[in-house]
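K.L.:
Following this message is one structure expressed as structure tokens.
Since every read-out is calculated from the coordinates, none of them should be taken as a lab result. Small disclaimer: the values here were computed from a predicted structure and weren't measured. Reconstructed Cβ throughout: ideal geometry from the backbone, glycine too, with neighbour counts over all protein chains shown.
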Amino acid sequence: MKPKSFLKNLYYTGLDLAGFTRKRIATFQQQVVGLTYHSVIPESEKFQRYDYRNCVTTRHFDRQIKILKNLYDVVSIEDLSQIFTSGRINGRYAFISFDDGFTNNFKYALPVLKENNVPAVFYINTGYIGKNRLLWTEFITAALIFTAVKSLSLTLNREHLFDLSTPAGQLKASVEIRNYLKQKTFSEAEEIMALIKKQTGTENLSPEIDADRYRFMNWDEVQAMSDLGMIIGSHTHEHMLLNMIPEEQAETELTISKKLIEDHTGQVCRHFSYPNGSPGNFGQNHFRLLERLGYATAATQIKGFNHIGSNPYALSRFNISHQLSRAEFKAMISGFFRSEYSYD
Ligand SMILES: [Zn+2]
């Protein structure tokens, strides 16, 4: 543990032992906390790598679910939308959600959820389900990590010569490039990605470089999840950040993904999560669009708690992005701790 993380953990452990976390949560009589996960994978040295930033170990996940169950009523997003509609919340509720639809959700997270008897919602990118494709945001990170080349020259706002000779250089380049592309249109992003592919020689990069980390579920796995009572929601068809595309294309993304989920699971798809989910990634027009298309809720990545009267198309969630200690996790779900990590 680094000295800074050690001190931070010590501080949150102190808060917890002094009973502050529990006391604070006890005051949350009408609050709803949402958690975002992306990947759950058995522990290995790979967790030190940057591309594992949104992964938690199976052991941590199990521990977090047990803590959550002890402090909150864990309910499905469907039950929660009914509670919101009723206008009355008696108690404190939590919902567990997964973004993207990785196969590790089925392989490693589902058994833990079943064992603890809690529901979750899986927001999937239907265009990636059962396909040998890397998520486009993940492609950028993976290309920079797995390439043999030592530098990359790109014109973003200005000319850049990214140093890829060290893990720190790869990380810096990945963050800068992804943050830049998220502000652009998707066709501009595709042009830049084609340049990255060419310069780094990663035309054949596939999820099989690390299947536990990068491979998506197939439709049989999605259906099995749904049959076990898990909710399948949409995260768009192509992992489109809604700010990157025109509204007609957003409508197509929301319509196709909803229909595919319904055709494959036999359940009505009523829940959505915004790719990336920061305030700049969606707007009022999308709330209206989601409602018109038959969605009941949409989850963001804005940190905070939900209450009666919260906008159901802008639900807050906490992203569980790295290896939190027991005290840090408790501090997070009680609103004391803010993770500084990014998400897609
Ligand atoms: Zn995502």
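K.L.:
Which net charge results for the neighbourhood of LEU156, defined as the other residues with beta-carbon distances under 14 angstrom from its beta-carbon, given Lys and Arg at +1 and Asp and Glu at -1?
P.N.:
+1
K.L.:
What net charge is computed for the residues neighbouring ARG88, neighbours being all others with C-beta under 15 Å from the C-beta of ARG88, Lys and Arg scored +1, Asp and Glu -1?
P.N.:
Charge balance in the 15 Å sphere: -1.
K.L.:
When a/c is below 1.5 the answer is rounded, else prolate if a/b is larger than b/c, else oblate, so apply that to the stretch 192-344 with a ≥ b ≥ c taken from the square roots of the Cα gyration tensor eigenvalues.
P.N.:
Since a/c stays below 1.5, the shape of the stretch 192-344 is classed as rounded.
K.L.:
Sticking with this structure for a sec: Please tell me which of these pairs span more than 32 angstrom C-alpha to C-alpha: LYS66/LYS172; LYS23/LYS303; LYS8/LYS198; LYS184/LYS303?
P.N.:
Those over the limit are LYS66/LYS172; LYS8/LYS198.
K.L.:
May I pose another question? By its C-alpha gyration tensor, with a ≥ b ≥ c as the square roots of the eigenvalues, how is the chain shaped: rounded for a/c under 1.5, else prolate for a/b larger than b/c, else oblate?
P.N.:
Here the chain falls in the oblate category.
K.L.:
Can you tell me the relative contact order of the stretch 208-344? Whole percent, Cα pairs under 8 Å, sequence separation 6 or more.
P.N.:
Relative CO of the stretch 208-344 lands at 17 percent.
K.L.:
Can you give the extra length, in nm with one decimal, that the chain gains between GLU191 and LEU156 once fully stretched, where that is 0.36 nm per residue apart less the Cα-Cα distance?
P.N.:
So the extension gain works out to 11.5 nm.
K.L.:
Continuing with this model, one more query. Between the stretch 19-87 and the stretch 215-229, what is the separation of their alpha carbon centroids in Å?
P.N.:
With the stretch 19-87 and the stretch 215-229 each reduced to a Cα centre, they are spaced 21 Å.
K.L.:
Collect residues whose amide H, placed 1.01 Å from N in the peptide plane, falls under 5 Å from the amide H of ASN319; neighbours closer than 5 in sequence don't count.
P.N.:
THR36
K.L.:
In addition: Compare ASN54, ASN281, ASN179 in a GNM of the chain, Cα atoms joined below 10 Å, and give the one with the largest fluctuation.
P.N.:
ASN179
K.L.:
Report relative contact order for the chain in percent, whole number only (criteria: Cα-Cα under 8 Å, sequence separation at least 6).
P.N.:
23 percent
K.L.:
Just how large is the dipole of the stretch 136-205 about the Cα centre, in debye to the nearest 20, putting +1 at every Lys and Arg Cβ and -1 at every Asp and Glu Cβ?
P.N.:
About 120 debye.
K.L.:
Next up: Counting Lys and Arg as +1 and Asp and Glu as -1, what is the net charge of the other residues whose Cβ lies under 11 Å from the Cβ of LYS330?
P.N.:
Result for the neighbourhood of LYS330: +2.
K.L.:
Classify the stretch 181-255 as rounded, prolate or oblate from the Cα gyration tensor: take a ≥ b ≥ c as the square roots of its eigenvalues, call it rounded if a/c is under 1.5, otherwise prolate when a/b beats b/c and oblate if not.
P.N.:
oblate
K.L.:
Arrange the peptides 247-255, 226-234 so that the one whose residues have, on average, the most other Cβ atoms within 10 Å appears first.
P.N.:
226-234, 247-255
K.L.:
Report, by chain and number, residues whose modeled amide H sits under 5 Å from the one on ARG270, excluding near sequence neighbours (fewer than 5 apart, same chain).
P.N.:
Amide H neighbours of ARG270: none.
K.L.:
With contacts defined as alpha carbon pairs under 8 Å and 6 or more residues apart, what's the relative contact order of the stretch 136-205 in percent?
P.N.:
36 percent
K.L.:
Additional query: Taking the alpha-carbon set of the stretch 136-205, what are its Rg and Dmax in Å?
P.N.:
Looking at the stretch 136-205, its Cα Rg and Dmax stand at 10.8, 30 Å.
K.L.:
Kindly work out what percent of the DSSP beta bridges joining two residues of the chain are antiparallel, to the nearest 5.
P.N.:
20 percent
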